[in-house]
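Below is one structure; the comments refer to it alone.
None of the figures in this text is laboratory data; all of them are computed from the coordinates on show. Just so it is clear, the model here is predicted, and its values are computed rather than measured. Neighbour counts are summed over all protein chains in view; Cβ atoms, including those assigned to glycine, are modelled from backbone coordinates with ideal geometry.
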Amino acid sequence: MALRIALFFLLLGFSSGEEFYGFREASTFLAAKKYDYIIIGGGTAGCPLAATLSKNFSVLVLERGGAPYGNVNVSFMQNFHISLADTSPASASQAFVSTDGVINARARVLGGGTAINAGFYTRANPSFVTRAGWEEELVNESYLWVEKQIVHLPELAKWQEALRDGLLEAGVSPFNGFTYDHLYGTKVGGTIFDKDGYRHTAADLLAAGNPSNLHVLVHATVQRIVFDRRGGRLRAVGVNFKDEQGTLHKASLNGNAKSEVILSAGAIGSPQILLLSGIGPKSDLKKLRIPVVLHNEFVGMGMSDNPMNTVFIPSKKPVEQSLIQTVGITKGGVFIEASSGFGQSSDSIKLHHGILSAEIGQISTLPPKQRTREAIRAFMNGKKELPREAFQGGFLLEKIAGPLSRGHLTLVNRDADANPAVTFNYFKHPHDLRRCVYGVRTMIKIARTKHYADLALDDVSAQKLLNVTAKANVNLIPRHPNDTTSLEQFCRDTVITIWHYHGGCHVGQVVDSSYLVLGVNRLRIVDGSTFPASPGTNPQGTVMMMGRYMGVKMLRERLGRETTR
């Protein structure tokens, strides 16, 4: 598989992805160069935004992670789980655990979340576009721009076919066939994996940019945004970042009044960098001795994550690996999806499990004095009770669309490499819990249809499905005795993430309707941290679209409408 990547670049006449896409190590940075745009984060939104702006202006992209090319854990679908489990310092995914006890991950790689996710591609629900105030024609053009370059039609696996038919039998209808559109009923969506299981990420979109204007640095960790108050108005003038060797650099905007620093570091990274730069709640900044540049009590507030719960279906024999391909969009505010099998190529990169190791698990939620040898022994013995069939089969997944529960993000220190403290408050709002119960009941109904009969073991009773699922160590939340008899408790105890967190820099609180940071000139945020909800059944398509959309909008504002045709 690694050979396939090398051959790909050789056919194009380049020896590596670095030469083709123009990215370099951060230590090669030349401080004398000044830019029209500095984009913090070469991720899902940052890459299409940079490619678009570079058509007419000089752009510097600062990505804290490495490149996805040549990393078989990132590039191939069968290594999807391996990439997420890798907690080594150079991993493409940086694990963090919310204060709720749910294990999560944030991207640390060029391409952002598109380099570590399950690959499902769909457009936003139309109401999301309307509420955002986006121009419908440009939205459609921007989606098409992304789709033509990196999106593919999936070949349905048997597990996905069973879900499709099971959803329809359970009443999640009509069947809308293959479509990118967000429609009630059951559908097959797109994927960023091609027919060979090779992942195409937002980093690929950089190839659409102007190479003479586009400069991409990897392993460039932004420490803070640099401001100037001359003239009486606060404005961004540059960025301080560290390279892979720990050396500090300053990247500067040029003298044009319309030049900008743009945050595209994601729902975790963008509010974190604002806070590190001195924009946020005054009291919180002072506690960490961060000089207050601008007081804004809303930075890091309104964080949300779409809570997900699963039901595991043991199979008679190993099943083909599949990630998300089919989805049921219910009118009850729940999405139903599925995954199956497990893969790992022989040449996958070795990894460190860290917090995700089976030996840590829920034992880490116990106070230190209770982490006795007896407790550890009991924990390990409990793992042996998992039935053999639990290690082959697949999952049904239900997630809450637009949860009403809200949390917050705060800094724990001034280290830009560290994770902030994030609280999502899963199921704090009772309506979210009611929707979860509805979703679990729907999954059980689907699991017991005839369409899973040929795949599953004979006993697929609701109690067995819940028992097997509840015994898995999926998060760091202590279990309760009634978590398989009370669906409400099952939802609370077995909640996990599907990495669709959003918020922290909401429109009207941190940014205006053009995503310019309130109270600051030449500073904008373009990513999911501005979203009030997660769009569609998967946000990656809309976040990439947003990067392209905002790039075109910004070019039109500076150059006129016809320049971007």
Row for segment 459-502, column shape: gyration tensor on C-alpha, a ≥ b ≥ c, rounded if a/c < 1.5 i.e. under 1.5, prolate if a/b over b/c, else oblate; value prolate
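Regarding segment 139-286, what is the average projected area of its C-alpha convex hull, in nm²? Provide the component values of the computation, followed by the final result.
Details: hull surface 60.5 nm².
Value for segment 139-286: 15.1 nm².
By per-residue mean of other Cβ atoms within 10 Å, what is the highest-first order of 75-84, 265-274? Don't skip to the end; give the middle numbers.
Details: 75-84: 21.8, 265-274: 27.2.
The densest-packed peptide leads the list: 265-274, 75-84.
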Output for segment 194-231: trypsin sites (Lys or Arg not before Pro) sitting in coil per DSSP, at most 15 other Cβ within 10 Å, listed by number, reads Lys195, Arg229, Arg230
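Over the chain, what is the percentage of antiparallel beta bridges among all DSSP beta bridges, to the nearest 5?
On the way: 54 of 82 bridges.
Taking every DSSP beta bridge with both residues in the chain, the antiparallel ones total about 65 percent.
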Helix 266-276: inclination vs the chain longest Cα principal axis, degrees, rounded to 10, gives 50 degrees
Semi-axes a, b, c in Å (a largest) for segment 42-82, each sqrt of 5 times a Cα gyration tensor eigenvalue, come to 27, 10, 8
With bins of 5 Å, the percent of all Cα-Cα pairs of segment 211-340 per bin from 0 is 2, 7, 12, 14, 13, 10, 8, 8, 10, 8, 4, 2, 1, 0, 0
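So, counting K/R as plus one and D/E as minus one, what does the shell of residues with Cβ under 14 Å around Gly536 add up to?
On the way: positive: Arg123, Arg131, Lys187, Lys399; negative: Glu147, Asp181, Glu337.
Charge balance in the 14 Å sphere: +1.
Where does segment 11-124 land on the Kirkwood hydrodynamic radius, alpha-carbon pairs, in angstrom? Mind showing how you got there, number by number?
Details: mean 1/r = 0.0636 Å⁻¹.
Every distinct Cα pair counted, the radius reaches 15.7 Å.
If you average 1/r over every pair of different alpha-carbon atoms in segment 117-169 and take one over that average, what Kirkwood value in Å do you get? All intermediate terms of the calculation are to be shown ahead of the outcome.
Working: mean 1/r = 0.0732 Å⁻¹.
Radius from the Kirkwood sum: 13.7 Å.
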In the structure shown, of Lys34/Lys148; Lys158/Lys195; Lys428/Lys464, the pairs separated by more than 25 angstrom at the C-alpha atoms are Lys34/Lys148; Lys428/Lys464
Residues other than Pro403 with Cβ under 15 Å of its Cβ, Lys/Arg counted +1 and Asp/Glu -1, net out at +2
In terms of the alpha carbon gyration tensor, root eigenvalues a ≥ b ≥ c, rounded if a/c is under 1.5 and otherwise prolate when a/b exceeds b/c or oblate, segment 124-204 is oblate
Per its Cα gyration tensor (rounded if a/c is under 1.5, else prolate when a/b beats b/c, else oblate), segment 253-320 is best filed as prolate
Filtered hits (aspartates and glutamates, Cα-Cα < 12 Å from Lys399, offset >= 8 within chain) -> Asp305, Glu337, Asp432
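At 222 nm, what helix-only mean residue ellipticity would the chain give, in deg cm²/dmol to the nearest 500, using -39500 (n - 2.57) for each DSSP H run of four or more?
Numbers: 15 runs with 152 residues, N = 565.
So the helix-based figure for the chain works out to -8000 deg cm²/dmol.
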In whole percent, the Cα-Cα distances of segment 69-162 spread across 10 Å bins from 0 upward as 13, 32, 32, 22, 1
Segment 155-194: spread of alpha-carbon positions along the three principal axes, whole Å, largest first, is 31, 23, 10
Here D for segment 396-528, in µm²/s, from Stokes-Einstein with a Kirkwood Rh over Cα pairs at 10 °C and 1.306 mPa s, works out to 89 µm²/s
Expressed as a percent, the portion of alpha-carbon pairs in segment 410-470 spaced more than 18 Å apart is 59 percent
Unpartnered Cys in the chain, judged by a 4.7 Å Cβ-Cβ cut-off, are Cys47, Cys505
Among Ala236, Val222, Gly269, the residue whose Cα sits farthest towards the positive end of the charge dipole of segment 221-282, when +1 is placed on the Cβ of each Lys and Arg and -1 on the Cβ of each Asp and Glu, is Ala236
Distance in nm between Glu141 and Phe175 label points, each 7 Å along Cα→Cβ, equals 3.7 nm
For segment 96-140, using Cα atoms only, the Rg and Dmax in Å read 15.3, 42
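If you take every residue apart from Asn521 with its C-beta less than 14 Å away from the C-beta of Asn521, what net charge results, scoring Lys and Arg +1 and Asp and Glu -1? Don't jump to the answer; show the numbers that get you there.
Details: positive: Arg229, Arg230, Arg233, Arg235, Lys258, Arg522, Arg524; negative: Asp228, Glu260, Asp512.
Every neighbour counted, the sum reads +4.
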